[in-house]
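Below is one structure, written out as structure tokens; the observations come after it.
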């Protein structure tokens, strides 16, 4: 089956620093990438949707200047959390969409901001 | 937009019992309803899905039913086993052109006691 990877799987950073999370589709072309945030014991909340080569579409309440999304190729999308603060600590998961309706989640990145 | 309600939030059963999780959705245009299982700290895994032209689908011990008129769908797990313990998310979406953006329910934490 299709595989989606995320890197890093774990990151701990100091408040005020920026963190970049990569999401890669390893064996298919992901025309659309979705980024989710999941707080403990809560559901997956969609942050933004990005199509390759286009600007990302952000959900209401998500600051586009704080969560920078780049989808420069059909196999790679990045989410950069700029000037991270403790309240940004969460589990970030990408989902890659190709030509089929079956979608593939990445394994997630756990971010802890001290 | 779509709104998905999921109940119960926690479900505790004895091994061998059946478990039922129910979801309702608001957008009558939604036509694709996947169910995901998420173990702690891991990515959601698609376990079964159903489309709006089908009323029921079964895969071994799991089954999903859909009532389009009432706009609700349910997940049924029979002969539960401890390894079924996880958080289950339902989702509703409009699948079109090979992609979809699901709206997730809040999740049900299923605990199967040996």
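A few notes on this one:
- Of the numbered criteria (1) within 24 Å of residue B:29 (Cβ to Cβ); (2) within 14 Å of another protein chain (Cβ to nearest Cβ), the one residue B:87 fails is (1).
- Any hit, segment B:52-68, residues being under 13 Å from the mean Cα position of the chain (by Cα), touching a residue at least 24 places away in the same chain (Cβ under 8 Å), more than 22 Å from residue A:106 (Cα to Cα) and within 13 Å of chain A (Cβ to nearest Cβ): no
- Matching strands (runs of 3 or more DSSP E) fully within segment A:61-114 where at least 3 residues are within 14 Å of chain B (Cβ to nearest Cβ): A:90-97, A:109-113
- Restricting segment B:17-33 to residues that are more than 8 Å from every other protein chain (Cβ to nearest Cβ) and in a strand (DSSP E or B), the residue that is nearest to residue A:35 (Cα to Cα): B:33
- Scoring residue A:37 on the criteria (1) in contact with a helix residue (DSSP H, G or I) (Cβ under 8 Å, 6 or more places away or on another chain); (2) within 12 Å of residue A:90 (Cα to Cα) leaves a single failure, condition (1).
- Unmet requirement for residue B:73, which otherwise passes all of (1) at pLDDT 95 or above; (2) farther than 24 Å from residue A:95 by Cβ: (2)
- Of everything listed in (1) farther than 12 Å from residue B:30 by Cα; (2) within 10 Å of chain A (Cβ to nearest Cβ); (3) part of a loop (DSSP other than H, G, I, E, B), the single unmet condition for residue B:101 is (1).
- Filtered residues of segment B:81-114 (kept if farther than 17 Å from residue A:36 by Cβ, out of contact with any helix residue (DSSP H, G or I) (no Cβ under 7 Å at 6 or more places or on another chain) and modelled with pLDDT of 90 or more): B:81, B:82, B:83, B:84, B:85, B:86, B:108, B:109, B:111, B:113
- Under the condition of being surrounded by fewer than 21 Cβ atoms within 10 Å (Cβ to Cβ) and closer than 18 Å to residue B:2 by Cβ, the residues counted in segment B:78-99 number 5.
The values are calculated or read from the model by the stated rules, or taken from the named source; none is laboratory data. Please read all numbers here as calculations on a predicted model, not as lab measurements. So basically every Cβ, Gly included, is an ideal-geometry build from the backbone, and we count neighbours across all protein chains shown.
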